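The values are calculated or read from the model by the stated rules, or taken from the named source; none is laboratory data. Remember, it's a predicted structure, so these values are computed and weren't measured experimentally. Here the Cβ is made from the backbone with ideal geometry for all residues, glycine too, and neighbour counts use every protein chain on show.
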Amino acid sequence: MLGLRTLESDDWPLWRELRLAALTDAPYAFGSTLAEWQGSGDREERWRTRLSIPGARDLVALLDGLPVGMVSGVPGGEAENVELISLWVNPTARGQGVGDYLIQAVERWGAERGARTLRLSVMPDNRKAVALYERHGFTDTGESGNLLPAGVRRERVLAKSLATV
Ligand SMILES: CC(C)(COP(=O)(O)OP(=O)(O)OC[C@H]1O[C@@H](n2cnc3c(N)ncnc32)[C@H](O)[C@@H]1OP(=O)(O)O)[C@@H](O)C(=O)NCCC(=O)NCCS
C-alpha cells in the first residue's frame, strides 16, 4: 500500500538517506552531484536548509510503510508557477506506480496553493523520466534549460497546466 509523508526540517536524516541514495543510484538524472553532498558538504544545517525552502513541500513515498521515494514541490520564479524537483524512486520499488503517485501529490499541492502551471527540468536523455512526465501531460516549453556539465547540451524544461487537476 502506498502512503505519503510530508517532511519538516527535523526529518533531515530521512531526506539525507534518500537523497544520498538517489545521487548514488542515478547521477545522470540530477544537476547536483554526490560529491557536493558528501564530506564537508554533508552537514546537518545544510540538509535542514534544503528542507526549509519557503513555501515548499518535501514528500516521501511509503510503500507498505517503508520510505521508497522522494519529491519536492517548490515555488517557481513567478507567482503562478510551481516546480517539481528531486524526484527519485528506489530501484527496488520501480514500476509500481510510486513515480505516478509522487507526481500526482505535487500536482495536488500546486493546485491547492493556486498555481496555474507545474514546471520541471529533465536531462534530455533520461527517457524513463521523460516518458513518465509525458504520460502525465507535461509538454516541452521550448525554453532552454540549464547547461549540462559538458557545456554543450541543456536540460529540457517541461510544463503542465494545473487547471484540470
Ligand atoms: C523515473 C522514475 C522516478 C520512475 O519511477 P517509478 O516508480 O518506476 O514510476 P512508475 O511506476 O509510476 O512508472 C514506471 C513504469 O511502471 C509502470 N507501472 C506503474 N504502475 C504499475 C503497476 N501497478 N504495475 C505495472 N506497471 C506499472 C508505468 O506504466 C511505467 O511504465 P512505462 O515506463 O512503460 O511508462 C524512476 O525510474 C527513478 O527514480 N529514476 C531515477 C531518477 C530520475 O530519473 N528522476 C527524475 C529526475 S527529472
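With the structure loaded, tell me whether Arg57 is in contact (Cβ under 8 Å) with a residue 40 or more places away in the chain and charged (D, E, K, R) or whether it fails that test.
yes
Within the bounds of segment 21-28, is there any residue that is part of a loop (DSSP other than H, G, I, E, B) and either of a type in the set (Gly, Ala, Ser) or touching a residue at least 60 places away in the same chain (Cβ under 8 Å) (or both)?
Within segment 21-28 (the criterion being part of a loop (DSSP other than H, G, I, E, B) and either of a type in the set (Gly, Ala, Ser) or touching a residue at least 60 places away in the same chain (Cβ under 8 Å) (or both)), the answer is yes, since at least one residue qualifies.
Looking at the structure I just gave you, is Leu23 under 22 Å from Glu155 (Cβ atoms), surrounded by 17 or more Cβ atoms within 10 Å (Cβ to Cβ) and either within 14 Å of the ligand (Cβ to nearest atom) or modelled with pLDDT of 95 or more (or both)?
Here the answer is yes, as Leu23 does meet what is asked.
Quick check: anything in segment 93-111 among the β-branched types (Val, Ile, Thr), within 16 Å of Leu23 (Cα to Cα), buried (at least 20 other Cβ atoms within 10 Å of the Cβ) and in contact (Cβ under 8 Å) with a residue 24 or more places away in the chain? Steps first, please.
First, pick out the residues of segment 93-111 that are among the β-branched types (Val, Ile, Thr): 98, 103, 106.
Now restrict to residues that are within 16 Å of Leu23 (Cα to Cα): none.
There is no residue in segment 93-111 that is among the β-branched types (Val, Ile, Thr), within 16 Å of Leu23 (Cα to Cα), buried (at least 20 other Cβ atoms within 10 Å of the Cβ) and in contact (Cβ under 8 Å) with a residue 24 or more places away in the chain.
Need pairs with beta-carbon distance below 7 Å; first residue farther than 17 Å from Glu17 by Cβ and within segment 30-51, second part of a helix (DSSP H, G or I) and not hydroxyl-bearing (Ser, Thr, Tyr); sequence gap 6+ or separate chains.
Listed by first residue and then by second, the contacts come to Thr33/Leu23; Thr33/Pro27.
Condition first: modelled with pLDDT of 95 or more and either within 8 Å of the ligand (Cβ to nearest atom) or in contact with a helix residue (DSSP H, G or I) (Cβ under 6 Å, 6 or more places away or on another chain) (or both). Now tell me which residues in segment 104-129 satisfy that.
Within segment 104-129, Leu118, Leu120, Ser121, Val122, Asn126, Lys128, Ala129 meet the criteria.
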